[in-house]
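Beneath this line is the structure, given in structure tokens, with notes to follow.
The values are calculated or read from the model by the stated rules, or taken from the named source; none is laboratory data. What you are looking at is a predicted structure, and each value in this text was computed from that prediction instead of being measured. Don't worry about glycine lacking a Cβ; one is built from the backbone with ideal geometry, like all the others, and counts go over all protein chains shown.
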Amino acid sequence: MTEMQPFIVGVRFSKVGKIYHFDASKIPDLKIGDSVIVETSRGWQLGQVGAIVEKPETPPEGTWKYVDRKATPRDLLIRQSWQQKEAEVFETCRARARELSLVGIKIVSVEYSFDGNRLTIMFSSESEDKVELKSLRQDMQKKFGPTQVELRQIGPRDVAKMIGGLGACGMEMRCCTRFLTDFSSISIRMAKEQGISLTPTEITGMCGRLRCCLIYEYEQYVAARQLLPKRNKRVITPVGEGKVLDIFPLRDAVLVEIPEVGIREFARIDIQPAEELENLKKKAQNPCIGQEGCDCTGNNGDEK
């Protein structure tokens, strides 16, 4: 008897948030767009089904947490009532941080859990060192108890995602607030591979970190470059031999300087590496090249 496949759904807790997997086997009629109540490491939360997972991978802990139930109209009203209180908490916490002279600390957002038992205050810090915020947390606990108050530091990219605004490229909304559900690791190498200027203003986003978009076409550039000759390599073109000055990976073309003709652009299919062609000519003239035991006299090294 085959084991029944669990019904796994992806749930997100914000409009463009990361998707987390939950077991919805007890509620088989769930569909994308449904609001659900689930238990997370940050307490009970109200989320929305964003995906039906056809072939789920087993989580590190071995099992998925279950979807508790579909959200009812009453649940949505409860969540809305706690959201209305978040603005008050935000202003109170920001004012208290100023009173405590917490330099370099910025209160970014606050969030109640679905049932109001937990209150998470998210902040960012300009300092790389660990920040001591015990006094602030205690003050918030006294003010908004018995709700359990937690202070959580977030990085510059998460701050930019929450605040929103114009992108560094001029788009009306930043990529992270439009469709990025998770942040990839970005490196300077990605900019170099695509021939992008390494001027900080060219490769840095509004968050002060390398732009997320540097990864969008990176793999295509890497794959295309593997098929094209490198700069300064000699190539044979339809109008003569020349040296590669530049390459255009996405156009699958190269810029070649030919002494008798000048600088021209050629598609990859119209050029051939000069060294490779020379080796083919040599092999055609002497087919014994590279063959063991051959003395190039036609007798294969045998004396008669």
What residue, among those in segment 161-185 that are in a loop (DSSP other than H, G, I, E, B) and touching a residue at least 40 places away in the same chain (Cβ under 8 Å), is nearest to Val108 (Cα to Cα)? Gly165
Checking Arg209 against (1) surrounded by 12 or more Cβ atoms within 10 Å (Cβ to Cβ); (2) farther than 24 Å from Ser14 by Cα; (3) of a type in the set (Lys, Arg), which single condition isn't satisfied? (2)
A careful count of residues in segment 110-143 that are out of contact with any Ser or Thr (no Cβ under 8 Å at 6 or more places or on another chain) and aromatic (Phe, Trp, Tyr) gives 2
Please work out which residue is modelled with the highest pLDDT, limiting yourself to segment 182-203 and to residues that are surrounded by 14 or more Cβ atoms within 10 Å (Cβ to Cβ) and within 28 Å of Phe13 (Cα to Cα). Ile186
Assess whether Val49 counts as being in contact (Cβ under 8 Å) with a residue 40 or more places away in the chain and either under 13 Å from Phe7 (Cβ atoms) or of a type outside the set (D, E, K, R) (or both). yes
For segment 184-197, give me each residue that is over 17 Å from the mean Cα position of the chain (by Cα) and closer than 20 Å to Arg157 by Cβ. Ile196
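To keep it simple, each residue is scored yes or no on (1) surrounded by 15 or more Cβ atoms within 10 Å (Cβ to Cβ); (2) modelled with pLDDT of 95 or more; (3) assigned by TED's automatic domain parsing to the domain that holds Gln148.
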| site | (1), (2), (3) |
| --- | --- |
| His21 | yes, no, no |
| Glu39 | yes, no, no |
| Glu54 | no, no, no |
| Lys65 | yes, no, no |
| Trp82 | yes, no, yes |
| Leu102 | yes, no, yes |
| Ile107 | yes, no, yes |
| Phe114 | yes, no, yes |
Determine whether segment 220-242 contains at least one residue that is in a helix (DSSP H, G or I), modelled with pLDDT of 90 or more, among the aliphatic types (A, V, I, L, M) and within 21 Å of Gly155 (Cβ to Cβ). no
Hits in segment 95-127 (condition: free of Cβ contacts under 8 Å to residues at least 60 places away in the same chain, closer than 18 Å to Thr147 by Cβ and not in a loop (DSSP other than H, G, I, E, B)): Arg96, Ile107, Ser109, Val110, Glu111, Tyr112, Leu119, Ile121, Met122, Phe123
